[in-house]
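Take a look at the structure below.
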Amino acid sequence: TGTKAPIASTSIPATTTTLAPTSVAVLNAYRAGWAAFEHALADANPSDPELAATMVDPQLQSVKAYLFADKRAGMVGRGTTTLHPKITALSATTATVVDCAYSTAELIYATTGKPVPPVTPPENDGVRATLVLSGSTWKVSKQTVTDGTCAPGS
């Protein structure tokens, strides 16, 4: 029997070990922002504490205003968004995430459960988000969603 050759992949470059935890934290924060929005949208609650836990201004105020308008109009959201985020820029305190999010979300009237027109079929939406380090927590500070603008899974 011969001796086994050492496995080359056991050595990890220093850049990987320092960036990996930050990248994971940024992507988790991005996903948490979406989850908070979906949670708040389910009952159009602009005061949902999950929003402030995952977002800072101007994104936080923008989302609150959107939810407040939905609530006043008697609308809530249902459906989900499947995320495929990628970090395109990362510094010690700022990150840019792009995504092609598959959305089955729709607005419905809370009293009747009927969809709010115009009804859009599930689509792939282009997303560009900026996250900032707020204290020791990454939070979404700005997010732009462009409906139906990207290839599935990209």
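The values are calculated or read from the model by the stated rules, or taken from the named source; none is laboratory data. Here the structure is a predicted model, which is why all the values come from computation and not from measurement. Reconstructed Cβ throughout: ideal geometry from the backbone, glycine too, with neighbour counts over all protein chains shown.
Test L90 against the criterion of being under 12 Å from the mean Cα position of the chain (by Cα) and not acidic (D, E), and give yes or no. It is false that L90 is under 12 Å from the mean Cα position of the chain (by Cα) and not acidic (D, E). Within the range 96-154, the set of residues being in contact with a Cys (Cβ under 8 Å, 6 or more places away or on another chain), surrounded by 14 or more Cβ atoms within 10 Å (Cβ to Cβ) and among the polar types (S, T, N, Q) comprises just one member, N124.
Out of T88, T80, one residue alone is surrounded by fewer than 16 Cβ atoms within 10 Å (Cβ to Cβ) and more than 26 Å from A110 (Cβ to Cβ). It is T88. Filtered by the rule that a residue be more than 16 Å from V63 (Cβ to Cβ) and not in a loop (DSSP other than H, G, I, E, B), the range 103-154 gives E106, I108, Y109, P115, E123, N124, G126, L133, T137, W138, T146. Any residue that is more than 13 Å from the chain's Cα centre (by Cα) and at pLDDT below 95 - is there at least one of those in the range 39-49? No, the range 39-49 contains no residue that is more than 13 Å from the chain's Cα centre (by Cα) and at pLDDT below 95.
One residue stands out in the range 117-144 among those that are at pLDDT 95 or above and aliphatic (A, V, I, L, M): the one that is farthest from T54 (Cα to Cα), namely V127. Of the residues making up the range 67-111, those that are within 21 Å of A32 (Cβ to Cβ) and either free of Cβ contacts under 8 Å to residues at least 12 places away in the same chain or of a type in the set (K, R) (or both) are R78, K86, T88, A89, S91.
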